[in-house]
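Take a look at the structure set out below.
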Amino acid sequence: MLDICASVCDRLSVKVNNIKSHCIVFGKCRKRNIENMGLVDDSINWVESIKYLGVHIVGGKKLSFDIHALRRSFYAAFNNNLQPYKDIRRSCAADFT
């Protein structure tokens, strides 16, 4: 299957970046030792999880998603947006005391 993909990419002058390509296992075979797959004279590594469009997809018995990094990123951006108003809140609180 990968050989067919490589030949089609070669005909279309599309280069495959093996560094950005990963393999992930779902289901019963997740604990087996599986050899790396080869594509265009290089290997594609097996990984436990991948990041796709900001969401971490985790391999395992079932397909699952790790949203902790996404949630952490959201709160960091939210707190960063509130930072300019921090001094205003302190000065308002001091005025009322």
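Read the figures in this text as sums done on the coordinates, not as results from a lab. This is a predicted model, so every value here is computed, not measured. Glycine gets a Cβ as well: all are built from the backbone with ideal geometry, and neighbour counts include every protein chain shown.
For this structure, a couple of remarks:
- Hits in region 34-65 - residues which are of a type in the set (S, T, N, Q), more than 12 Å from the chain's Cα centre (by Cα) and more than 23 Å from D3 (Cβ to Cβ): S64
- Of all the residues in region 22-51, those that are closer than 25 Å to I67 by Cβ and touching a Leu at 6+ places or on another chain (Cβ under 7 Å) number 1.
- Cross-chain or 6+ apart pairs with Cβ under 7 Å, region 61-81 first and on the phi < 0 side of the Ramachandran plot, then surrounded by fewer than 10 Cβ atoms within 10 Å (Cβ to Cβ) and outside any helix (DSSP H, G or I): L70/G54
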